[in-house]
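The structure appears below as structure tokens.
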Amino acid sequence: MRFVRRQTRRIRALWLRFLPRQFRRWKHHSQLVFACLSMTIVLNTLYGLYPGYFSLKRRKFVFSKVVAVYCFTVAVILGLFYIWHIYKGLSAGDINLRHTIEIFCYMNVTVCLINFITQWPIIKPVLRFQNSVPLFEVLNSLEMSMMLVWRAFIYGVLKILVCPLVAYITLILYQRRAHPDLRWTSFATVRTMLPLIVSNQINNCFFGGLVIANLVVAAINKKLLGIVKEVNMLQTPGQMDLQKPYYRMRRFCDLADELDELTKKYGLTACHSKGYLRFTDWSMILSMLMNLIGITMGFYNQYLAIADYYINEEPFDLSLAIDQLVFLAVPFMELVMVTRISNQMLQETRRTGELLQRFDLHYADVRFKQVANAFWLQVSTINYKLMPLGLLELNTSLVNTVFSAVIGYLLILIQSDLTLRFSLK
């Protein structure tokens, strides 16, 4: 714990040198979120997905024609290059369906192109949404545990940086065995990896938003728990005999003001985190579909290699099989992380409702009763669920659904292959 605090102070002191003066009074978690958000916007613009920028003069996100031209140029260049490359490979017969890693990366080209098409028409609603979110006002008004913040930050780093890095290293090892003359910085390696990175960028934005929303709701629940304990304590017989009615009324009014602020922050966090899903739902569904097809195809290719080894006595490349398994495990782990943070968010929102039910309002002030009932009504009416396009709910059951689908498709394919193999003998 001391090491974490020491490193936090060092990073914060270094980061404060580059921040404007009005940002130096922000809390540590707000500054960390600001750094991550700035990096995300830069990457979105670099990949051609976000034709906008933050205007310091107007203090809001605005649309830029210059950035839009750049984004359009990037999309056209990437689209024409990969479409021509895939067409050329199919015409020459260089693309083999047994090469799982290359096929999996090329499948994400479709996701990239659809991301470009779906993100540009909604840029104005996205800008309005960004300008309507009082993110740093909410963050600066809440107290958060440094350990909890760093845990969320490391979790985000695992999803956004470590998973692509593992896939990139696996791709290097794979191409080093397939093409020993290529270097790790070769154009072929970057060309194969780039669609996978760009196609996950929109999903990473939603993932980062959920991480922040989970932190905010957890901080709200922590403060709400303290209010619940104090309110229930004020209504015990001993406290009611010791305290005067005026003090109790004043204290209940103060607690009602705090609870009213928590109600507003909870409503903003829940509604905006759900609302952000509509800007990323197409990308998430397409990525899940491509991952489902790619994982199924990858494991089927592994089965074909094993079957050829035992039945047809063909050589089996163990190193290639390990590389392919690692590469297939990365998108599955990303899906697990997305469903895990979504499930944590669902649990935090449910915990808010459970804490509100712990209030003892028999001898509470009338205004406090009204605020508590309004908070409970808001929690009940929001009915927090994350369902992209209304098809699948993002929770832990989604992993079981995907795993069951992969197993089902594999059983059908393996049964068909074994029937064909033994019928020819």
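Overview of results
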| quantity | calculated |
| --- | --- |
| Where Glu261 falls short, out of the listed (1) at pLDDT 80 or above; (2) within 30 Å of Glu393 (Cβ to Cβ); (3) surrounded by fewer than 19 Cβ atoms within 10 Å (Cβ to Cβ) | (2) |
| Single match in Leu318, Leu286 (criterion: surrounded by 15 or more Cβ atoms within 10 Å (Cβ to Cβ) and not aromatic (Phe, Trp, Tyr)) | Leu286 |
| Helices (runs of 4 or more DSSP H) contained entirely in the stretch 19-120, each with at least 2 residues that are at pLDDT below 80, surrounded by fewer than 16 Cβ atoms within 10 Å (Cβ to Cβ) and among the aliphatic types (A, V, I, L, M) | 65-92 |
| Matching residues, the stretch 315-327, being of a type outside the set (Gly, Ala, Ser), in contact (Cβ under 8 Å) with a residue 12 or more places away in the chain and assigned to a helix (DSSP H, G or I) | Leu320, Asp323, Gln324, Leu325, Val326, Phe327 |
| Those residues of the stretch 37-93 which are over 30 Å from Leu139 (Cα atoms) and among the polar types (S, T, N, Q), in sequence order | Thr73, Ser91 |
| Which numbered condition Leu165 misses (of (1) open to solvent by 30 Å² or more (accessible area, probe 1.4 Å); (2) closer than 21 Å to Cys105 by Cβ; (3) in contact (Cβ under 8 Å) with a residue 12 or more places away in the chain) | (3) |
| Matching option when the condition is open to solvent by 60 Å² or more (accessible area, probe 1.4 Å), not in a helix (DSSP H, G or I) and not hydrophobic (A, V, I, L, M, F, W, C), among Glu143, Glu137 | Glu143 |
| The stretch 196-234 - residue that is of a type in the set (S, T, N, Q) and part of a helix (DSSP H, G or I) and, of those, surrounded by the most Cβ atoms within 10 Å (Cβ to Cβ) | Ser199 |
| Residues located in the stretch 264-283, provided they are in a helix (DSSP H, G or I) and open to solvent by less than 30 Å² (accessible area, probe 1.4 Å) | Lys265, Tyr266, Gly267, Thr269, Ala270, Ser273, Gly275, Leu277, Phe279, Asp281, Ser283 |
| Condition met for Gln378 (assigned to a helix (DSSP H, G or I) and open to solvent by 80 Å² or more (accessible area, probe 1.4 Å)) | no |
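Residues are listed down the side, and each one gets a yes or a no for (1) open to solvent by less than 60 Å² (accessible area, probe 1.4 Å); (2) without any contact (Cβ under 8 Å) to a residue 24 or more places away in the chain:
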| residue | (1), (2) |
| --- | --- |
| Ala329 | yes, yes |
| Val336 | yes, no |
| Ser342 | yes, no |
| Gln347 | no, yes |
| Arg351 | no, no |
| Glu354 | no, yes |
| Asp365 | yes, no |
| Tyr384 | yes, no |
| Gly390 | yes, yes |
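For every residue, the table says whether it meets (1) under 30 Å from Pro195 (Cβ atoms); (2) among the polar types (S, T, N, Q); (3) crowded, with 20+ Cβ neighbours inside 10 Å; (4) free of Cβ contacts under 8 Å to residues at least 40 places away in the same chain.
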| residue | (1), (2), (3), (4) |
| --- | --- |
| Thr236 | no, yes, no, yes |
| Lys244 | no, no, no, yes |
| Phe252 | no, no, yes, no |
| Leu255 | no, no, yes, no |
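The values are calculated or read from the model by the stated rules, or taken from the named source; none is laboratory data. Since the structure is predicted, the reported quantities are computational estimates derived from the model, not experimental observations. Heads up, the Cβs are rebuilt from the backbone with ideal geometry, glycines too, and the neighbour counts pull from every protein chain shown. Only protein heavy atoms, including side chains, enter the accessible area calculation; ligands, DNA and RNA are left aside. Shrake-Rupley method; radii C 1.70, N 1.55, O 1.52, S 1.80 Å.
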